Every structure is written in C-alpha cells, then in structure tokens.
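Asks: I am attaching a structure below and will ask some questions about it afterwards.
What follows is calculated from the coordinates using simple rules that are stated; it is not laboratory data. All of these numbers come straight from a predicted model, not from anything done at the bench. Every residue, glycine among them, receives a Cβ derived from its backbone with ideal geometry; neighbour counts consider all protein chains shown.
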Amino acid sequence: MKNYAIIVAGGSGNRMQTETPKQFLLLKDLPVLMHTLRAFAQSNAQPRILLVINKDQQQYWRRLCEEFNFRIPHEIIDGGSTRFYSVKNALETIGDECLVAIHDAVRPLVSKELIDKCFEHAERRGNVIAAVQSSDSVRLLKDNITSALKRDEIYLVQTPQTFSLAILRTAYQQDFEAHFTDDASVVEAAGYEINIVEGERNNIKITYPIDLELAELLLKD
Ligand SMILES: Nc1ccn([C@@H]2O[C@H](COP(=O)(O)OP(=O)(O)OP(=O)(O)O)[C@@H](O)[C@H]2O)c(=O)n1
Ligand SMILES: C[C@](O)(CO)[C@H](O)COP(=O)(O)O
C-alpha cells in the first residue's frame, strides 16, 4: 500500500508576526519547510508528499526551491481558509486506499523514526497521533474557577497524525467546527477512538519567535 504525507503550510503565521510566513523563514540557513520535507523524504515509509501552500505563496516557494537547489519531489496543493480546509483540499487529490500522515510544516525537527513509528502504528490500528505527556502541572479554568487536573492524564498533541484514507475521508465530510484544531479532533467527532504514540520533546511547533530560536539550538548539525 502506498503511503502519503500531507504537509500543511497554508497558514499566515499571525502569532509569529514576521513579514515572511514562518514556514519560509531560515532555520540554520535552510527554510523551515525544507527541513520538514527532508525528514519525510528520509523516512523508510517513503510517502508521496503533498505540500499545501496558499495560492499567492506558491510562486515564492518555487523560487526558494530553485535558490536552494531543493529537489525532493512533491505536489503542490492550494491552501484553504483554515487548517481543516487545507487538509481537505489535499485529501481530495488522493485516489487509492493508503495511509496518510498529516504534519505541520512548522514542526521541522520531527525525526524520521517518529514518522515511521506513526505509519507502523496506523497500519495496525487505523489511526495514531504523536503526543507527549505534560511535564508541567495543569489547571482547568471554567466559569472563573480554576481546578487542578491529573497531569498523568494530560497529553500535549503533536503531529504526525496518521490515518487510513478511509477514516479521513469519512471524517472530513463533516462541516467545519471551530474546535477542529487538529486532525484527531475531526476524526474523533466522526466517532473514532484516537490512539496515541509517544511523540518527541524536540518536535516543537514554531508558533512564536522564541520557538525559532529554540529550534536553532535543538537542530543537530
Ligand atoms: N489555513 C491554514 C492554516 C494553517 N495551516 C498550517 O497548519 C499548521 C499549524 O498551524 P499554525 O501553527 O496555527 O500556523 P499559522 O496558522 O500559520 O499560525 P497562526 O495561527 O499564528 O496564524 C502550519 O504549518 C500552518 O501553515 C494551513 O495549512 N492552512
Ligand atoms: C495540529 C497541532 O499542531 C497539534 O498540536 C495544533 O493543534 C495546531 O494548532 P494551531 O493553532 O493551528 O497552531
């Protein structure tokens, strides 16, 4: 069975507050997005890579590929108005039954080992997401009152999130809801139980400027 990877890079990076969207910023002299694609290209799973980028940034990305002599094969898909619609656009281009890993372009430190582990678990169990247990104590704020949660029961969700295409197809037929912040929440709302595998502490999401500085420090030479 063929494997696919949907790399979502259709965001505008409002929280990062840089003129250039964060997925194109340089991380150790290479655009963030190229680190991410390289991890997937180096995995044993060897997925076909579908890269979701906003229409008005596609030309810029092609120019970057020339400038950096970036030759990893990938197909470019138009971005949507939210992450949900970006994923949906990519799913519509996949024909055959397969496993699909969905990954944030802005998690460039993902290892090929984690990518492969997610494909292996999804093959056996239908779906799996990478997540790490909270190392901080956590509290819930509701109706102006805070209460402690049991941190052993709290997982911080990462990507890859890997599913059989059949599950994703069903799930992404739903109407968009604001609480669909990742693929697992979409699939869960369609009635599936979500499986977790241990993610990686290094697999950070570049959201704020400090995350890019951290990624520079964490990236192995
Ligand atoms: N319409 C969108 C919105 C987000 N993403 C992608 O989803 C991932 C996670 O989203 P996030 O970190 O929130 O990125 P942005 O939406 O760019 O950031 P912000 O919310 O700060 O604007 C990113 O790789 C982003 O490019 C996408 O493909 N299409
Ligand atoms: C998919 C995700 O990275 C899992 O942690 C996260 O939900 C994306 O959230 P964002 O608000 O779009 O950054």
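Asks: Rounded to the nearest 0.05, what FRET efficiency is calculated for D29 and Y85 with R0 set to 35 Å and r the Cβ-Cβ distance?
Replies: The calculated FRET efficiency here is 0.60.
Asks: Please report, to one decimal in angstroms, the Kirkwood hydrodynamic radius of the chain built from all distinct Cα-Cα pairs. Please report the intermediate quantities before stating the final value.
Replies: Values: mean 1/r = 0.0557 Å⁻¹.
That comes to 18.0 Å for the chain.
Asks: With the cut-off at 28 Å, tell me which of the pairs K150/K205; K88/K205; K150/K220; K28/K88; K28/K150 have Cα atoms farther apart than that.
Replies: K150/K220; K28/K88; K28/K150
Asks: Here's another thing I want to ask about it. Which ³J(HN,Hα) values, rounded to whole Hz and listed in residue order, are derived for the range 53-65 from phi using the Karplus coefficients 6.51, -1.76 and 1.60 in 6.51 cos²θ - 1.76 cosθ + 1.60 with θ = phi - 60°, glycine and proline given as x?
Replies: Karplus-based 3J(HN,Hα) across the range 53-65 equals 9, 4, 3, 6, 10, 5, 5, 4, 4, 4, 5, 4, 4 Hz.
Asks: Using modelled amide H (1.01 Å from N, peptide plane; none on Pro or chain starts), what sits under 5 Å from the amide H of L156, excluding residues fewer than 5 places away?
Replies: Distant-sequence amide H within range of L156: V132, Q133, S134.
Asks: At 222 nm, what value in deg cm²/dmol follows for the chain if DSSP H runs of at least 4 each add -39500 (n - 2.57) and the sum is divided by all its residues, to the nearest 500?
Replies: -9000 deg cm²/dmol
Asks: For the range 1-57 and the range 125-166, write down the distance between their C-alpha centroids in whole Å.
Replies: 24 Å
Asks: What list of ³J(HN,Hα) couplings, whole Hz, do you get for the range 71-83 from phi and the Karplus terms 6.51, -1.76, 1.60, once you set θ to phi - 60° and write x for glycine and proline?
Replies: 10, 5, x, 7, 9, 9, 10, 5, x, x, 6, 9, 4
Asks: Apply the Karplus parameterisation 6.51 cos²θ - 1.76 cosθ + 1.60, with θ equal to phi minus 60°, to every residue of the range 208-213 and state each ³J(HN,Hα) to the nearest whole Hz, in sequence, with x for glycine and proline.
Replies: Rounded to whole hertz, the list is 10, x, 5, 5, 5, 5.
Asks: Let me know the longest stretch in the chain that avoids all GluC sites (Glu not before Pro) found in a DSSP loop with at most 13 other C-beta atoms within 10 Å.
Replies: By the stated rule (loop sites, at most 13 other Cβ atoms within 10 Å), 98-176.
Asks: Looking only at F70, F119, F163, which one moves most when the chain is put into a Gaussian network model with springs between Cα atoms under 10 Å?
Replies: F70
Asks: Calculate how many DSSP beta bridges within the chain are antiparallel, expressed in % of all such bridges and rounded to the nearest 5.
Replies: Values: 17 of 36 bridges.
Here the antiparallel bridges make up roughly 45 percent for the chain.
Asks: Which of L156, L64, L168 moves the most in a Gaussian network model of the chain with Cα springs under 10 Å?
Replies: L156
Asks: Would you please give the residues with an amide H less than 5 Å from that of R48, counting only those at least 5 places away or on a separate chain, with H modeled from the backbone geometry?
Replies: Residues meeting the criterion, in which the H sits 1.01 Å from N, are N3, Y4, A5.
Asks: For the chain, modelled as a Gaussian network with Cα springs under 10 Å, which listed residue fluctuates most, P108, P47, P21?
Replies: For the chain, modelled as a Gaussian network with Cα springs under 10 Å, the answer is P21.
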